[in-house]
1. Filter region 262-286 down to the residues that are without any contact (Cβ under 8 Å) to a residue 40 or more places away in the chain and either in a helix (DSSP H, G or I) or under 24 Å from Ile239 (Cβ atoms) (or both), then identify the one that is least open to solvent (accessible area, probe 1.4 Å).
2. Among residues belonging to region 630-646 that are open to solvent by 20 Å² or more (accessible area, probe 1.4 Å) and of a type outside the set (Lys, Arg), point out the one that is modelled with the lowest pLDDT.
3. Of all residues in region 460-483, which are crowded, with 21+ Cβ neighbours inside 10 Å and small (Gly, Ala, Ser)?
4. Can you spot a residue in region 595-615 that is open to solvent by less than 60 Å² (accessible area, probe 1.4 Å), within 16 Å of the ligand (Cβ to nearest atom), modelled with pLDDT of 90 or more and not small (Gly, Ala, Ser)?
5. Filter region 507-526 for residues that are buried (at least 19 other Cβ atoms within 10 Å of the Cβ) and in contact with a Gly (Cβ under 9 Å, 6 or more places away or on another chain) and give the result.
6. In region 514-564, which residues are out of contact with any helix residue (DSSP H, G or I) (no Cβ under 7 Å at 6 or more places or on another chain), in contact (Cβ under 8 Å) with a residue 60 or more places away in the chain and assigned to a loop (DSSP other than H, G, I, E, B)?
7. Quickly run through region 363-381 and pick out the residues that are in contact with a helix residue (DSSP H, G or I) (Cβ under 8 Å, 6 or more places away or on another chain) and open to solvent by 20 Å² or more (accessible area, probe 1.4 Å).
8. Among the candidates Thr436, Thr440, which residue alone is over 13 Å from Gly459 (Cβ atoms), surrounded by 23 or more Cβ atoms within 10 Å (Cβ to Cβ) and within 7 Å of the ligand (Cβ to nearest atom)?
Amino acid sequence: MAADETKTNQDNVSESQIAVHWKEEEYFEPSQKFIDQANLTDKNVLEKFGEDNFPECFEEYADMLDWDKRWDTILDSSNPPFFKWFVGGKLNASYNCIDRHLAKHKNKTAIHFVPEPENEPITHMTFQELYVRVNEFAAVLQDYCGLKAGDTVTLHMPMIPELAITMLACARLGVIHSQVFSGFSGKACADRIVDAKSKYLITADAYYRGGKLLDHKEKADIAVKHAEEEGQHVEKVLIWQRYPGKYSGETPIVEGRDVFVNDIIKDYYHKVIEPVSLKAEDTLFLMYTSGTTGKPKGAQHSIGGYMAYVTGTSKYIQDIHPEDVYWCMADIGWITGHSYIVYGPLALAASSVIFEGVPTHPDAGRPWRIAEELDVNIFHTSPTAIRALRRIGSEEPAKYNYHFKHMTTVGEPIEPNVWRWYYDVVGKKEAVIVDTWWQTETGGFLCSTIPGLHKMKPGSAGPGVPGIYPEILDEEGKPLPKGCGKAGNIVIKNPWPGRMLTIWGDDERFKNQYYTRYNRDPESKDWHDWPYFAGDGAVEAPDGYFRILGRIDDVINVAGHRLGTKELESAALIVDEVGEAAVVPVPDPIKGVKPHVFVSLKPGFSPSPELEKKISDTLATEIGPIAKPGRVWIVPDMPKTRSGKIMRRVLGSIAQGNDTGDVTTLANPQIVEEIKKLY
Ligand code: WT7
């Protein structure tokens, strides 16, 4: 497996290597009004965080936190690539997000919760209330469940404030949380329970999405059942109620296993749990993400390095001040929500918005009504959401009286036209935009402009953020100079505090996936020999701005989130009739990219629309609606090389109606024409 993972898809690599020709976009300047209030306006910041001052520069971020004990070693790089930050230091993440703000901000809103139904009022939880509720739930975890520092729990929670409360309660005890995106299926949740070896599942009974109250508890039943089958026993399922005191789920409560938090928490009213003083390099949480093999990998994030990094970047790149109302529309079930809804903004005592539902429900004016009502001034979302809001409601933002000073785009490349709509219409030409490139594994931003210092350029993320030194390497590992017009693989030359510690339970895979590709000497103890391989193709423009082209491995980025092609293919293979499956990414006007599934059938079966639907539904139930294919193609056979490898590149061209190029070297070139007829 290890060797396989470092081998990138040759077809795609050669594509990313060819010279890239695109129009250089015009710059946009941040307004003087923004600059006058910005957190970071020091023109020398990139030198201050330059290689000469590395790793000391990152003490500036660590100093934004309260430590029980200061670190002795800033960066321990004695065992590459297992770098450790702020070693010897002790702290607690929950304390840093809550307790330390009480003296000045106890009566300030920490979390604005916006339920999806517009007739339900927005609720505002102060830092004091957050403190009380986090303590009570920490008491449940400690005294009722018997959990302690280093144990793992899996969360499968929707976008309700109880998700943030649960995470912060875990952090208070040093219990490692692993939140699974609520849109994922019970089966996907089970796989993550098994890998994390969680004995507890924390979930909610129901939540609103697209106007419907969805039963969520049924997924817990499926998750527990599958986890048992795979050898992981779940002792208890803790259920938060969408309407406290009332059960909104549809499946029966399992006696002895299912408990309502609302019932048990009564025994812990106003109980105070002292935050546990933990080592900087202890684990805060796991966040599963797709890799090149079927099994999702748990990115294991630290307490000290991660918290320092998300706090520092929230302050400098998101420009968060305590008086800001900050709304990141991502889901907390992804890394964006962990870093930039919960931990970063709350560490800075900002008011963070949690929105339960779909941005276009009941209409595309909804986000702007929320922004107006709460006076949101920092807004953060993905190109997929921007495209959807633009398509169905391009005139909507102008109808509402809100004013953003700052906006973020994240998760996938944004088309310059879409960027300009975001700037002109959503931002009303007043807001700066940061296009932030990073990954689940990296904890926080890697490339972005600094909002009060740099010009913006539509479609380009920008230079490395302070303390991050990116570089483009060719296949041999030679740097491609900026402005050379060639694309290559983007790497980060140095370690940084937000990077994950490792892949949970699989150090080898961590090393192979991110470091083997460009490591100069496996014995070297010098971090300079260990560039971080991100798996994205990119180009560096003459001005040093990086433009990210997308994944080069077998990973599809749907609506800003990674799905492994292998994972999707295995789901398609669950359908009895399916003999072989191949998944390819196809551009989509809203989602950026959608998976198209090609299948050939076992002998004796024939294609039908019903079968196509069955395959599509299986992907949605196995993985989640996000995996729903753009199209299922039932083909007579797969185009294959003589060694038997399915030619995904050829399938990708067919799916897009493009020329398939030279296919004469295939074992079965005639099949290409047959598949083309299905277009
Ligand atoms: C992949 C990481 C970053 C948190 C959300 C997704 C793509 C991310 C950008 C951007 C172009 C981007 C990359 C990356 N990506 N941000 N600003 N411009 N592409 O986290 O699921 O770990 O996905 O998303 O391909 O590798 P993720």
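The values are calculated or read from the model by the stated rules, or taken from the named source; none is laboratory data. A quick note: this is a predicted structure, and the numbers were derived from the prediction, not measured. For neighbour counting, all protein chains shown are included, and Cβ atoms are generated from backbone atoms with ideal geometry for every residue, glycine included. In case anyone asks, the SASA skips ligands and DNA or RNA and just uses the protein heavy atoms, side chains included. Shrake-Rupley method; radii C 1.70, N 1.55, O 1.52, S 1.80 Å.
1. Ranking the candidates gives Asn262 first.
2. Within region 630-646, the match that is modelled with the lowest pLDDT is Ser643.
3. Ser460, Ala461, Gly462, Gly464, Gly467
4. Yes, the conditions are met somewhere in region 595-615.
5. Arg509, Gln513, Tyr514, Arg517, Tyr518
6. Selection gives Tyr515, Ser524, Lys525, Asp526, Trp530, Pro531, Ala541, Pro542, Asp543, Gly544, Tyr545, Asp553.
7. Asp363, the sole residue that qualifies.
8. After applying the criteria, what remains is Thr436.
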